[in-house]
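Colleague: I have a structure I would like to understand better, so I am pasting it below and will then ask my questions one at a time.
Just so it is clear, none of the values below were taken in a lab; they were calculated from the coordinates. Predicted, not measured: the structure shown is a model, and the values here were computed from it. Counting neighbours? That spans all protein chains shown, and the Cβs are built from the backbone with ideal geometry, glycine included.
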Ligand SMILES: [Zn+2]
């Protein structure tokens, strides 16, 4: 989810502190009123652009499972390896984090019933996706087919890596003619209900049945290095404490189309 700690300042968006409580989002009627994303004409392949090794789960893990059940193949583009989640950690080096997070993603995908998803690692430096934007857009252009759906982090998500992935995916989809769906991750932290910076009019939602929401919770728990402290040292704090997890594990997922 995150690359350089939980405090990221980008343009008008500031990611810091505990963020908007999930209870505030749940009290907003519009959240439950977005039209449902139609899955009747699911594509035969979905390409998911994940800036960090857990974004695909938190953003659209339930949707991916539903699309798999509808017959779609899932292709995950692992943009970075997530090595910058704990800068200054006294217990794990960036290289340790790469292997740890690779294993956690695999376990989480298994929990989601997404074992068959293909994961392609681009190994772009965590926190610096924007500097590799041209390379990323051309990799996506090469990979995508006109009939694919491309799910990417939202261009306005407030985290530089997430925004760079969304922009590259939008560019590639324009060239190829594939359908783009953008998923917010950090927006749930910094935005507030009705926030004018968020394209709510383009939002569709995916309602997860109870079994699938439970499945997603178990999958999230596999990302141990992100949801629990690595040690008692402040540099090893959990990236996603329970307050942040609540927003990402609600029983609906949202995409902008
Ligand atoms: Zn991320």
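Colleague: How much FRET efficiency would the formula 1/(1 + (r/R0)^6) give for residue 196 and residue 23, where r is the Cβ-Cβ distance and R0 is 25 Å, rounded to 0.05?
Modeller: The value I calculate is 0.70.
Colleague: How far is the Cα center of the stretch 60-93 from the Cα center of the stretch 25-41, in Å?
Modeller: Cα centroid to Cα centroid, the span is 24 Å.
Colleague: OK, next. Relative contact order, percent, of the chain when contacts are C-alpha pairs under 8 Å separated by at least 6 residues?
Modeller: Worked out over the chain, it gives 27 percent.
Colleague: Could you give the length gained by full extension between residue 118 and residue 41, i.e. 0.36 nm per residue of separation minus their alpha carbon distance, to one decimal place?
Modeller: 25.5 nm
Colleague: Here's a follow-up. At a 10 Å Cβ-Cβ cut-off, how would you order 173, 215, 150, 165, fewest neighbours first?
Modeller: With the sparsest Cβ surroundings first, the list reads 215, 173, 150, 165.
Colleague: Moving on. Suppose R0 equals 35 Å. What FRET efficiency, 1/(1 + (r/R0)^6) with r the Cβ-Cβ distance, do residue 102 and residue 211 give to the nearest 0.05?
Modeller: My answer for the efficiency is 0.80.
Colleague: In the Gaussian network model of the chain, springs joining C-alpha atoms below 10 Å, which of 232, 106, 221 carries the largest mean-square fluctuation?
Modeller: Looking only at 232, 106, 221, the biggest GNM fluctuation is shown by 232.
Colleague: Here's another thing I want to ask about it. Taking each pair of different alpha-carbon atoms in the stretch 89-139 once, compute 1/r for the pair, average those values, and report the inverse of that mean as the Kirkwood hydrodynamic radius in Å to one decimal.
Modeller: 13.0 Å
Colleague: Further question on the same structure: If each residue of separation counts as 0.36 nm, what is the full-extension length gain between residue 16 and residue 204 once their alpha-carbon separation is subtracted?
Modeller: Here the answer is 65.0 nm.
Colleague: What distance in nm separates the two pseudo spin-label positions at residue 32 and residue 142, each 7 Å out from Cα along the beta-carbon direction?
Modeller: Taking the two extended label points, one gets 4.8 nm.
Colleague: Now for a separate question. Mind telling me which of 27, 213, 108 comes out most flexible in a GNM of the chain, alpha-carbon contacts under 10 Å?
Modeller: Highest fluctuation of the listed residues: 27.
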